[in-house]
Structure formats: structure tokens, C-alpha cells
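Okay, so here's the structure we're looking at.
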Amino acid sequence: MPAYRLLFADARGVVYDHPHLLAAVRSGDELRLARERALPLPEGATLCTLPGRLPVGVDPDTGELTVLREVKVGRRTFVPVAVGATLPPGYTRTLLPAAARSPLAGAEAPPVLPQWAYTAAALGPAGPVAFALHTDRRRHWDPARHSTPDLPDLVSRTLEDRGNPVLSQLSRCALEYRCFTAQNTFYRRDEGAIPSSAACNAACVGCLSEQDEGMPPSSHERIRKAPTAEEMAEVGIHHLVHATGKVMVSFGQGCEGEPLLRWKEIARAIRLMRAATRRGTIHMNTNGSLTEGLAAVIDAGLDACRISLNSASPDLYAAYYRPARYALADVIRSMKLAKRKGAWVSLNLLTFPGVTDREGEVERLCRLVRDAGVDQVQTRPLAIDPDLYLGLARSRGGRGPALGIPGLVAALKRARPGLTIGNFSRARSERARTGAKR
């Protein structure tokens, strides 16, 4: 097993490797030597700093954890900053960066980190590495195929030609937020986006589009006005008819609230789409809160849904999602109903090393996947300050030792043979190759 060296940064974000200390990693509250094999830093991954956090390494002579409080590089002496990585689509982190509170914060807590999925990183024999699994190798989500030089012109021409307010929102998502699904709408390929709801019935602690006062700014803004059924249908029909590749349209994007709050309008939009074309997949990303609404959109022609959850434990689910007038039991009821109606059911499983992979959590998740007949689990690293999430997860959810994220994935596969594990939604043509019924 390679000996991974500790990375740290200065206040300007310049990254260095330590000449002596080995990298430590974090799983839940446990900080320890990195024993797992890491991956070379994937294309599209980025090393990042954790402001207000000191790097933690391991002394190879004593095996003890060491907080790096001060370093000298050349003639400069400075307080270092902990370093992690953010991953491109298709990867699932297995460990968190090891860090300690900076003395510069004084008696105050360090700043809450923005909503990114911070991953343990280090220096390997051939360069930087990240502690992650490559969980989806489908190439059509390759970062090299997105944010291309011709994208601004494609967006501008599309807005001039069609002037739909849904496209106005997607133009911002594509160019400012670099959302691949929004960009696909303008590239006319694969999975395109249809934002549909300005409101939500959950207040997720790690919400990407709306945050409480005092928290880091949201990474993007929600659509301000909910579109009409006709406006959504226009965007959907155009994509389903003209797109190439793994053709799909999806309600429920990061730039909106909960689409099931508008299930009547979405059902009407789906009927308009299907009256115009039978091509492609119609999909929804949802919290699964409104079983009646989900049933209605499936009856209208929705053939796939991805339901988000962080845990199969009611207390941990509620602590993170902070749902309004629904609970985990309603979400599970929606999963089972969607499966009975013949929809392809995926879980958007928000994973967090040291919590999601606890023995008790794994047992509950496996039982849910098996009992609900889930077709796919999309393992998505939860984008949140690790300390913030652990603050609400320590006393909640399933207990027991952490089995590791690879152990979680293996247990899910054993629980439901034929289960698809990946990070991206599957079009109908792809599902046939997995042996699914639909």
C-alpha cells in the first residue's frame, strides 16, 4: 500500500506536500492514518481548502496524529490550511478530510463551509490522490463534453428562437452555475432539465438553493416563478424530439423546490409531451413526499423517478430534511407505489462516510431497498460542512461501527441482486440492458 503524504495550503490557496507527515483521513468523528487505496485525482476533480481548519497528519515514526499548526516554506512561516478535494460526476467519496480548528478562530467556531462534498486528498507516488470510488463510468457525463467554448452562443440562439421563461432560468444554470443537465438542454443531447417549482416542503440543512440566515450563500438561486404546463411542455417536447444520445427530460433540478408541489401542472405538461412524441424518458427528481401527486404524474406518463434520502432512519431523515407535513414513512410509501405502477425507481442516496456506512444504517438501507423493490441506488456524496452534518447525526440513526462506503455498496448489491449502482439516471434503453422489466 502506498504511503500517502499530507497536503496543506497557505492563505493564498497554494498547495504543498509535507516532507515528513503522512496523510490522515476522517470517517465520522474518527481521525486516523489513511490505510485505504486512493485513486489518482480524477480529471475534473479539484483540490480545495477548508478555511479555518488546520491539516492533520500522522507521524510515521510514532504513528500518532499530529495537528500541523505552523509551517515554514522558504523564508515564510505561516499557519497552514487543511486541503481536501471535490470530485467530478461519477465518483463517490469514501473518506473525509482530516482537520482541526484553527487557532486563528480564537474562541469562535470556524466558519461554516460552503455546500461542497469535501473529500480526503493526499499526495501519492505519482501525484495528488482522492479517497473515492469510481461508481459510474458512463462517458456522456464527462466534464470535457460540457462548458465548451460554443455553449454561450448555443444558449443565446436558443433564447432568441424560443423565448421560454424556463429556458431563461436554464441559461443562468448552464452558464453561471455550470449545471450539466441545464447545459444538455442547449446541447440537445442526453438528459435535459425542466425546472418546475419555486417552493419546497422541506428545509434541507444542506440545501443548494436556499439557506438559513448566517449560513454560507446558496450555490445558486431557485427559479422565481413557477412555469405553466405549456411552458414546461414546450421545452420537454423540443428536447425529446431533437436530442441525441440517452434522451431524457427531468423535472426537479437543483435550481428549484419540490416538483410534486405542482403535480397537477406537471401531469398536464407530461400529457402534452406524450401527445406530441413517444420518444425518450420522462423523469422526476423528488423528495417523494406527496404519494397522491406521484401517482398522478406516473399515470400521466412519467416513467422514472429518483427519490432523495440521506437515511432509512426516521430521526436522522427528519433532522436533515426538516420536512413540512410529511415524514419518511410517506416517502417509503411513494417508492412502493411508484414501483407498483411500473416506474423505474432510483434512490438519490446522500452518502456521508462514518454515518451512512454505520452497521445499523446499512442494515436499514438494505431492508428498504429490498422491501421497496428499488431498481437503482445513486450514491451521491452529501454536499455539506462535515462538522455541521455530524452535529445532527451523532445521536441519530443506526448505530454500530462504520463498514466503509465500499462495504455499504457491497451490502446494497447483496440485498437486491441486479440492483444498479451508479451516479446517473438511466434512460429506458439502458434499463433493458440491466435486466429490468422497464
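Peptides 151-161, 53-63 ranked from most to least packed by the mean count of surrounding Cβ atoms within 10 Å: 53-63, 151-161. Karplus-derived 3J(HN,Hα) values for the stretch 192-203, using 6.51 cos²θ - 1.76 cosθ + 1.60 with θ = phi - 60°, are x, 9, 10, x, 9, 9, 8, 10, 9, 10, 9, 10 Hz; glycine and proline are entered as x. Taking amide H as placed 1.01 Å from N in the peptide plane, the amide H of residue 226 sits under 5 Å from that of 198, each at least 5 places away or on another chain. Using C-alpha pairs under 8 Å with a sequence gap of at least 6, the mean separation divided by the residue count of the stretch 281-401 gives a relative contact order of 30 percent. Take every pair of alpha-carbon atoms less than 8 Å apart whose residues are at least six positions apart; their mean separation over the length of the chain yields a relative contact order of 13 percent. For the stretch 159-303, relative contact order (Cα pairs under 8 Å, six or more residues apart, normalised by length) works out to 25 percent. Dividing the helix sum by the residues of the chain, where each DSSP H run of 4 or more adds -39500 (n - 2.57), gives a mean residue ellipticity at 222 nm of -9000 deg cm²/dmol.
Taking only alpha carbon atoms, the stretch 15-163 gives an Rg to Rh ratio of 1.09, where Rh is the Kirkwood radius. One Cα centroid belongs to the stretch 266-334, the other to the stretch 7-68; the line between them spans 39 Å. Partnerless cysteines in the chain, where a partner means another cysteine C-beta under 4.7 angstrom, comprise 48, 200, 255, 305, 366.
Round to the nearest 10 and give me the degree value, 0 to 90, for the angle of helix 328-340's Cα axis relative to the longest principal axis of the chain. So the inclination is approximately 50 degrees.
Among 86-98, 6-18, 266-278, sorting by the average number of other beta carbon atoms lying within 10 angstrom of each residue, highest first, gives 86-98, 266-278, 6-18. Each Lys or Arg adds one and each Asp or Glu subtracts one; over the other residues with Cβ under 12 Å from the Cβ of residue 2, this totals +2. Each peptide in 291-300, 229-238 was scored by the mean count of other Cβ atoms within 10 Å over its residues; highest first, the order is 229-238, 291-300. Over all other residues within a Cβ to Cβ distance under 14 Å of residue 324, the charged ones net out to -1, with Lys and Arg as +1 and Asp and Glu as -1. Here are some pairs, 264/341; 336/413; 246/336; which of them have Cα atoms lying more than 21 Å apart in this structure? In this structure, 246/336 exceed 21 Å between Cα atoms. For the chain, the longest principal axis of the Cα atoms and the long axis of helix 151-162 meet at an angle of about 20 degrees.
A value for Rg/Rh (Cα atoms, Kirkwood Rh) was derived from the coordinates, and within the list [x] 1.00; [y] 0.98; [z] 1.18 it appears as [y].
Read-outs: derived from the displayed coordinates by stated rules, not from any lab. From a predicted model like this one, the values you see are computed outputs, not experimental measurements. Cβ coordinates were reconstructed from backbone atoms using ideal geometry, including for glycine residues, and neighbour counts include every protein chain displayed.
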